[in-house]
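The values are calculated or read from the model by the stated rules, or taken from the named source; none is laboratory data. Treat the numbers as computed from the prediction; the structure is a model and nothing was measured. Glycine gets a Cβ as well: all are built from the backbone with ideal geometry, and neighbour counts include every protein chain shown. Heavy atoms of the whole protein, side chains included, go into the accessibility calculation; ligands, DNA and RNA do not. Shrake-Rupley method; radii C 1.70, N 1.55, O 1.52, S 1.80 Å.
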Amino acid sequence: MTLKEYEIKNYQEQFTIKHALVTSTLSNLMCFVYPKSIVIINPINGISLSLKNEYITFNEEKDIKNYKFGYPNAAVFPISTGDPIDPEFRSCSISPPFCRFASTPIHLIAACTTNYNVVVYQPPSIKSISLEWKPIYSISDQIYSKLMDPKFNTPIKQNQEIWENQATVLVSKASTWLPFRSTPEGQTKISNVEFQKRVSWMDTQCLDWSPLIHNQNDPEMKFSLLTLGTKDRIIIYKVHFNGEKFSFDYCNNYPTKHWVTSLKYKSNFNSSLTNATLAVGYDDGSVSIFTVTDSDLILQDQIHKPDNNLTNLFWSLSNEKNNEEILLIVKSVGFKLYNPNGKVMSDIVRSQTKILSGISFFTDKEFITTSNDYNFIIYKFEPGFGKTMDLNLLSNLVYLPTKEERSSSLHFVTCTPNKLFILYGENKLGTYAMYDSKNTTSSLKLVYHDEMELNQFKELLVNGYRNNLNSLDKIWDLLKYIQIYNPNQLLDLIKMMDEDNIMNKKQMELLPLINRILLLIKSKNPKLYDNYTPSLPEYLNQNFKQLQYNYYCMLLNQFLKKYKNQSKQLEKYQISSLLMMADMATELEVVISSSRYATTTETDALDLKSKIYEALDTPQNTTEILACPICTADVTNTSVQGDMQFQCPNGCYLFRCSRSCLLLDSDKILYCPNCPLKSYLFQFENDHITQNIHSKYQLPWISDINPNSSCFQCSSFLNFHK
């Protein structure tokens, strides 16, 4: 089956992808590791029609340290006493969601470098215009301080005999070795063995986060174990979030006989988890499986299959019904599957002609592989797989780019949450000429199967949207797939929803989705949109008014509930906003009730308006006079059926703030990326959306109801860029 190209994102400035990964089912963040940066692909909770690219930079001046371990007595090969040349990122790992049941879970990224740094980064605020993740803790700083503390690490003072003999022979044969034995300024001489020990401790090869674990002494406390694999040991840190800040506590270190080349924690849906299962791969090809707590590392299984070509480890995804997982062990051009419960190992599976460059599980029974032969192969476990180890090759998907588009290497592959796209990264070699060369370009690509039948897609889209209203990041591929269809097909999609009576008065949650499709039609074919919108079903126009009505009623009720007693301390603009929202809600209720699709409203707008005017000590027949911000003409506090745009007496076009009903008269305005609605920037957003522009407007009842700064009509996050 041939795949079609959907979208390409090129990263000319980032050079070559070194490593890429996808987190567990608890997150849809994806990371691509480059030498001097990490690019994070973030669906932004599924709201944006395009993926959001965030990043981490390799900042050698601030975040990345240059550690000095001392100077070895016998400075001879194979010990390197110098700092790594041109240090860079080596790998990274994304944490499970802290505050998992909060409206905005927080993920951290831990990254290791080739010059012994391990730094933990936190994301920008979801409302921020900044895309850069910032460092919050250096694990390597603490490890370094422990290594240099003689109370924690007693230095080995004597060199092993081999080092003393090599130093004597080499120095006696070549006097040029003598200068290398002088101690650099600011460094202390140490034995070669001690030097090797310190380097091995600090040289992190891989790292991973455990699922969230319950503290046995405090069941309410959850933490994750950040685990580092170095050249001679496993180091574990406990990371906890108390709701305000993160804490990082050293647990212990466990020596190993070989370099740790791969670490992978088993995912788990058990909400009362008190330990975690960790698979560890070594440079000799062997694998160990441990049970891990914050106080111990217990060996459960040792897979004695040393063959020197283990490249990675993956656990299949667990689910709520079956917590049994399979360990996938990558072996160059093939892989093996291991069942830890039955201790059964499969034969090696080789279906691709080149070295495997990407593997990803996307369900508990299915996974996808790729290599530089451009084949994407999907495998599926058969029933009873854990006993028989019979694997079914589900489909062989081939993507055939032109000869000019062929890349030098593919890195990372996964299916998107609803299996609508295959997403992968690749490196393309630049052109070379005498004395000149062009840097390698890396790309992120989405490819898809033949276009899905519209009726089938409608069912998938509607069900997915309804089931994930509070976690749209799980259906970001559904929202992107909408763009594959042409405008006429999208109109048919809306009509099919109408025919099935999907958009009835009890199912208003689909309104933002319908609005998204309409706006996409408008962007693709404005003429078709203009011809169709006058014939929009009456209930659709009706329910857009209902969204406005519900939003303003919530704000007014919040004011009466929490801020009524503070009404005498309100600013003039705060009073104006409340009065205009009360008037707007009353007019919207009249429009809604006059429709044949009228819905039963939980709030009586006239009664609510009466309470607002009473709380503000304002007669209900008061007509507030406002000044047009353009010509200063008098504008009365009126609206036309809830419209956000109207004209002053002199014909100036004016806009209302969609969240406060105030007249917009400032450049400090936020826009909805998908709707025509606009809003003021409020004080609670100063530190989240921007640090350079500050607002004077403070409406706490809005921040209570709408803390995520989203559009009430389509739920998109507001920002300064239209």
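For the range 268-282, a tally of residues being in contact (Cβ under 8 Å) with a residue 40 or more places away in the chain and open to solvent by less than 30 Å² (accessible area, probe 1.4 Å) returns 6.
Looking only at the range 210-227, count how many residues are open to solvent by less than 10 Å² (accessible area, probe 1.4 Å) and either out of contact with any strand residue (DSSP E or B) (no Cβ under 8 Å at 6 or more places or on another chain) or aromatic (Phe, Trp, Tyr) (or both).
From the range 210-227, those open to solvent by less than 10 Å² (accessible area, probe 1.4 Å) are 210, 213, 223-227; that's our starting set.
In the following step, the residues that additionally are either out of contact with any strand residue (DSSP E or B) (no Cβ under 8 Å at 6 or more places or on another chain) or aromatic (Phe, Trp, Tyr) (or both) were identified as 223.
Result for the range 210-227: 1.
For the range 320-339, check the following and say yes or no: at least one residue is of a type outside the set (D, E, K, R), open to solvent by 20 Å² or more (accessible area, probe 1.4 Å) and modelled with pLDDT of 80 or more. No, the range 320-339 has no match at all.
Sub-7 Å Cβ pairs linking a first residue in the range 151-162 that is aliphatic (A, V, I, L, M) to a second residue that is modelled with pLDDT under 85 and open to solvent by less than 90 Å² (accessible area, probe 1.4 Å), at least 6 apart or interchain, are ILE156/SER191; ILE156/VAL193, ordered by first then second residue. Output the number of the condition that GLU453 fails; it satisfies all remaining conditions of (1) at pLDDT below 80; (2) open to solvent by 20 Å² or more (accessible area, probe 1.4 Å); (3) farther than 25 Å from ILE592 by Cα; (4) among the charged types (D, E, K, R). With (1) at pLDDT below 80; (2) open to solvent by 20 Å² or more (accessible area, probe 1.4 Å); (3) farther than 25 Å from ILE592 by Cα; (4) among the charged types (D, E, K, R) applied to GLU453, the lone miss is (1). Being among the charged types (D, E, K, R) and either at pLDDT 80 or above or closer than 30 Å to ILE514 by Cα (or both) is a property that ASP617 has.
Report yes if some residue within the range 247-265 is under 20 Å from VAL120 (Cβ atoms), outside any strand (DSSP E or B) and not β-branched (Val, Ile, Thr); otherwise report no.
Just the residues of the range 247-265 that are under 20 Å from VAL120 (Cβ atoms), to begin with: 247-253, 260, 263-265.
Still in the list and also outside any strand (DSSP E or B): none.
Scanning the range 247-265 turns up no residue that is under 20 Å from VAL120 (Cβ atoms), outside any strand (DSSP E or B) and not β-branched (Val, Ile, Thr).
The rows are residues; the columns are (1) assigned to a helix (DSSP H, G or I); (2) modelled with pLDDT under 85.
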{"residue": "MET580", "(1), (2)": "yes, no"}
{"residue": "LEU588", "(1), (2)": "yes, yes"}
{"residue": "SER595", "(1), (2)": "no, yes"}
{"residue": "ALA598", "(1), (2)": "no, yes"}
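Confirm whether ASP232 is over 17 Å from THR277 (Cβ atoms), open to solvent by 10 Å² or more (accessible area, probe 1.4 Å) and touching a residue at least 24 places away in the same chain (Cβ under 8 Å). Against the criterion (over 17 Å from THR277 (Cβ atoms), open to solvent by 10 Å² or more (accessible area, probe 1.4 Å) and touching a residue at least 24 places away in the same chain (Cβ under 8 Å)), ASP232 qualifies. Within the range 173-221, being in contact with a helix residue (DSSP H, G or I) (Cβ under 7 Å, 6 or more places away or on another chain) and at pLDDT 85 or above holds for ARG198, TRP201, MET202.
Give the residues of the range 446-494 that are in contact with a strand residue (DSSP E or B) (Cβ under 9 Å, 6 or more places away or on another chain), in a helix (DSSP H, G or I) and closer than 19 Å to ASN28 by Cα, sorted by residue number. Answer for the range 446-494, where residues must be in contact with a strand residue (DSSP E or B) (Cβ under 9 Å, 6 or more places away or on another chain), in a helix (DSSP H, G or I) and closer than 19 Å to ASN28 by Cα: ASP473, ASP477, LYS480, TYR481. Taken over the range 298-308, the criterion of being modelled with pLDDT of 85 or more and either open to solvent by 70 Å² or more (accessible area, probe 1.4 Å) or under 16 Å from ASN215 (Cα atoms) (or both) is satisfied by ILE298, LEU299, GLN300.
Starting from residues that are crowded, with 20+ Cβ neighbours inside 10 Å and of a type in the set (D, E, K, R), keep the ones in the range 669-688 and report whichever is modelled with the highest pLDDT. Write out each step before concluding.
Keep residues of the range 669-688 that are crowded, with 20+ Cβ neighbours inside 10 Å, which gives 670, 672, 674-675, 677-682, 684-685.
Keeping just the survivors that are of a type in the set (D, E, K, R) gives 678, 685.
Working: LYS678: 82, GLU685: 72.
Looking at the filtered set, the residue picked out is LYS678.
Taking GLY285 as the residue in question, decide whether it is open to solvent by less than 40 Å² (accessible area, probe 1.4 Å) and either among the acidic types (Asp, Glu) or at positive phi (or both). It is true that GLY285 is open to solvent by less than 40 Å² (accessible area, probe 1.4 Å) and either among the acidic types (Asp, Glu) or at positive phi (or both). Restricted to the range 32-75, and to residues there that are modelled with pLDDT under 80 and among the β-branched types (Val, Ile, Thr), the residue that is nearest to CYS711 (Cα to Cα) is ILE47.
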